[in-house]
Amino acid sequence: MENTEQALQSGIFCFLTKDFPEFDVVEGDRCLIVGTQNLPISPLDPYLTRLHFIVAAVNDEDDVIIEGGAALVSPESIYPLENKEQKRLMKKYEKKLNKINKDSN
């Protein structure tokens, strides 16, 4: 199996490891990390924070779905895809973004 030991960061495609029915995604669905947010671990100590990830769903056609909104998830809720799949999805995503940018100009 190919190495999947990647740091979780923006621009990484992942599997969800739990359901998020409010965003119509379930365990095993793919997502793209589109941002990060630090949140307090406890109201008692607002300066002790933990990094959470903002993710957008990826549909069966490999399209990143931004229109439905993004979910805020903990690091335990996502697992990076293999490097080969990362590259394939990123290439497709960049191609789509380039087309959108070209069409808007």
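A cut-off under 11 angstrom between Cβ atoms defines the neighbours of Asp60, and their net charge, with Lys, Arg +1 and Asp, Glu -1, is -3. Please build a GNM for the chain, connecting alpha carbons under 10 Å apart, and tell me which residue among Ile33, Ile65, Ile12 fluctuates the most. Result: Ile65 has the largest fluctuation of those listed.
The charge dipole of the chain, taken about its Cα centre with unit charges on the Cβ of Lys, Arg, Asp and Glu (plus for the first two, minus for the last two), comes to roughly 560 debye.
Rounded to the nearest whole Hz, the Karplus-based 3J(HN,Hα) values (6.51 cos²θ - 1.76 cosθ + 1.60, θ = phi - 60°) of region 16-25 follow the sequence 7, 9, 7, 7, 10, x, 5, 10, 6, 10, with x at glycine and proline. With helices as the sole contributors, the chain gives -7500 deg cm²/dmol at 222 nm; each DSSP H run of n ≥ 4 counts as -39500 (n - 2.57), and the sum is divided by every residue.
Which of Leu97, Gly69, Pro21 sits farthest toward the positive end of the charge dipole of the chain, with +1 on the Cβ of Lys and Arg and -1 on the Cβ of Asp and Glu? Value: Leu97. Any idea how far apart Asn105 and Ile66 come out in nm if each label point goes 7 Å out from Cα toward Cβ? According to this spin-label approximation, the distance is 1.7 nm.
Taking Cβ atoms as reference points and 13 Å as the exclusive limit, the residues near Asp103 contribute a net charge of +4, counting Lys and Arg as +1 and Asp and Glu as -1.
The angle between the Cα long axis of helix 83-104 and the longest principal axis of the Cα atoms of the chain comes to about 70 degrees, rounded to the nearest 10. The Kirkwood hydrodynamic radius of the chain, based on inverse pair distances between different Cα atoms, is 14.7 Å.
Read-outs throughout are calculated quantities, based only on the coordinates presented, and are distinct from any laboratory measurement. The structure presented is a predicted model; accordingly, all values stated were derived computationally and were not measured. Ideal geometry is used to build each Cβ from the backbone, glycine not excepted, and the neighbour counts take in all protein chains shown.
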